Amino acid sequence: MAENQLENTRTFRRSITAADGTGIIEILNCADSFAEYEPLAASYYLGKNFYLEALSGAIYLPSYQQAPFADLYPEMSAAEKIAALLKIEENFPFVGLRFHAKKGTASAWSTLSTVRLQNKGRETTIPFVVPYLTVNQLKLLSPDDRLGISIINYGHGVLGSGDYINIEGDFRFVTDLIAKPQIRTIGSGLPYGVNISTETPTRFRVANANRAILYATNTGSSNIWIAGNNSVAVGNGLFLGANGGGNLTEQTLTGELWAIAESGTSRICGIEASYV
């Protein structure tokens, strides 16, 4: 996975029974997968890619008359095999499982395909991605796509007592991160002046996460030493010479700053500006 990508895999499941009726049931909403990354949109352009890699159903229809498996032989042509399958479908009851899709929340559901299901005397697992959703190895979806299913009555009824269709799917999604140009405005440079003693370290700037730039000059008569915490001591840290002999220009550090004088009392003066 590239450094500028976020990738994840997920699964989903839904059991359909007689209690679900014939209305459209949503089984997948692609937008849900990308929701946790939406805060990144403030700093990045988000390229969203969604791949439905597997979708299958475990079918059990004991309320329907059992349909036998078609007699298929190696010497049969493709047309003969299809005819044998259709003969079983026509002579025994079946129920439809229809796939629907739509974009977002405003659009209407569109029909993708319908699978005809029969009672084979046991639970039977059927893959749906190929050929009912795509002719490729996986189904590409837009980040706002939603998939749904419904039960269709072809004249033999709908799901009855004990019938179920257990849907299970696997998908993968990738988010490409393209950094947005950051145009940040710097506010006014605010002046400050703090006396620095030799007895104990003095904090002369508090932490500022939005700090854009900091200027500091030793305007006193004693040398000063600077560090990022109160462990600063004479001889350790950043040296600012007395009487303007030392200056600090900082555009990176955003933490607090401490100082101590070599003798007596000195003074740090400067300005600090923050991003607004």
Exercise. Mind checking which residues of the range 211-224 are of a type in the set (A, V, I, L, M, F, W, C) and either surrounded by fewer than 15 Cβ atoms within 10 Å (Cβ to Cβ) or modelled with pLDDT of 95 or more (or both)?
Worked result: I224
Problem set entry | Set Y215, Y192: member being assigned to a strand (DSSP E or B), touching a residue at least 12 places away in the same chain (Cβ under 8 Å) and in contact with a Phe, Trp or Tyr (Cβ under 8 Å, 6 or more places away or on another chain) | Y192
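I'd like to know if the range 169-180 contains one or more residues that are in contact with a strand residue (DSSP E or B) (Cβ under 8 Å, 6 or more places away or on another chain), touching a residue at least 12 places away in the same chain (Cβ under 8 Å), farther than 30 Å from E38 by Cα and not in a loop (DSSP other than H, G, I, E, B).
As a first pass, look at the range 169-180 and keep what is in contact with a strand residue (DSSP E or B) (Cβ under 8 Å, 6 or more places away or on another chain): 169-180.
With the extra rule that they be touching a residue at least 12 places away in the same chain (Cβ under 8 Å), the set shrinks to 169-180.
Right, trim to farther than 30 Å from E38 by Cα and you get none.
Scanning the range 169-180, I find no residue that is in contact with a strand residue (DSSP E or B) (Cβ under 8 Å, 6 or more places away or on another chain), touching a residue at least 12 places away in the same chain (Cβ under 8 Å), farther than 30 Å from E38 by Cα and not in a loop (DSSP other than H, G, I, E, B), so the answer is no.
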Exercise. Can you find a residue in the range 81-100 that is more than 19 Å from E26 (Cα to Cα) and among the aromatic types (F, W, Y)?
Worked result: yes
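How about the range 21-42: which of its residues are out of contact with any strand residue (DSSP E or B) (no Cβ under 7 Å at 6 or more places or on another chain) and over 14 Å from P143 (Cβ atoms)? Don't jump to the end; show me each part of the working.
Restricting attention to the range 21-42, the residues satisfying the condition of being out of contact with any strand residue (DSSP E or B) (no Cβ under 7 Å at 6 or more places or on another chain) are 21, 31-32, 35-36, 38-39, 41-42.
Those that are out of contact with any strand residue (DSSP E or B) (no Cβ under 7 Å at 6 or more places or on another chain) and over 14 Å from P143 (Cβ atoms): G21, P39, A42.
Could you check the range 232-276 and list, in sequence order, the residues that are in a loop (DSSP other than H, G, I, E, B), under 30 Å from R184 (Cα atoms) and open to solvent by 20 Å² or more (accessible area, probe 1.4 Å)?
If the condition is that a residue be in a loop (DSSP other than H, G, I, E, B), under 30 Å from R184 (Cα atoms) and open to solvent by 20 Å² or more (accessible area, probe 1.4 Å), then Q251, T252, L253, T254, G255, E256, V276 are the ones that fit.
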Exercise. Which one is modelled with the lowest pLDDT, of the residues in the range 70-115 that are outside any loop (DSSP other than H, G, I, E, B), open to solvent by 80 Å² or more (accessible area, probe 1.4 Å) and under 30 Å from D32 (Cα atoms)?
Worked result: K103
For this session: Take N229 and decide whether it is free of Cβ contacts under 8 Å to residues at least 40 places away in the same chain and either aliphatic (A, V, I, L, M) or open to solvent by 30 Å² or more (accessible area, probe 1.4 Å) (or both).
Result: yes
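From the list R203, R172, which one is modelled with pLDDT of 95 or more, open to solvent by 40 Å² or more (accessible area, probe 1.4 Å) and over 25 Å from S107 (Cα atoms)?
Among R203, R172, only R203 is modelled with pLDDT of 95 or more, open to solvent by 40 Å² or more (accessible area, probe 1.4 Å) and over 25 Å from S107 (Cα atoms).
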Exercise. Can you name the number of the only condition in (1) open to solvent by less than 40 Å² (accessible area, probe 1.4 Å); (2) touching a strand residue (DSSP E or B) at 6+ places or on another chain (Cβ under 8 Å) that Y132 fails?
Worked result: (1)
Exercise. What are the residues in the range 250-276 that are farther than 12 Å from S197 by Cβ, touching a strand residue (DSSP E or B) at 6+ places or on another chain (Cβ under 6 Å) and of a type in the set (S, T, N, Q), if any?
Worked result: Q251, T254, S274
Exercise. Is it the case that A41 is over 24 Å from I178 (Cα atoms) and free of Cβ contacts under 8 Å to residues at least 24 places away in the same chain?
Worked result: no
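Of the residues that sit in the range 9-30 and are assigned to a helix (DSSP H, G or I) and closer than 20 Å to T111 by Cα, which one is least open to solvent (accessible area, probe 1.4 Å)? Step through it out loud before you land on a result.
The first filter runs over the range 9-30 and keeps only residues assigned to a helix (DSSP H, G or I), leaving 18-20, 30.
With closer than 20 Å to T111 by Cα added as a condition, the list becomes 20, 30.
Working: D20: 48, C30: 1 Å².
Only one residue tops the list, namely C30.
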Seminar exercise, completed: If you go through P191, P181, the only one that is surrounded by fewer than 20 Cβ atoms within 10 Å (Cβ to Cβ) and under 32 Å from the mean Cα position of the chain (by Cα) is P181
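The values are calculated or read from the model by the stated rules, or taken from the named source; none is laboratory data. Please read all numbers here as calculations on a predicted model, not as lab measurements. Backbone-built Cβ (ideal geometry, glycine too); neighbour counts: all protein chains shown. Ligands, DNA and RNA are stripped out before the accessible areas are found, and what is left, the full protein with its side chains, is counted by its heavy atoms. Shrake-Rupley method; radii C 1.70, N 1.55, O 1.52, S 1.80 Å.
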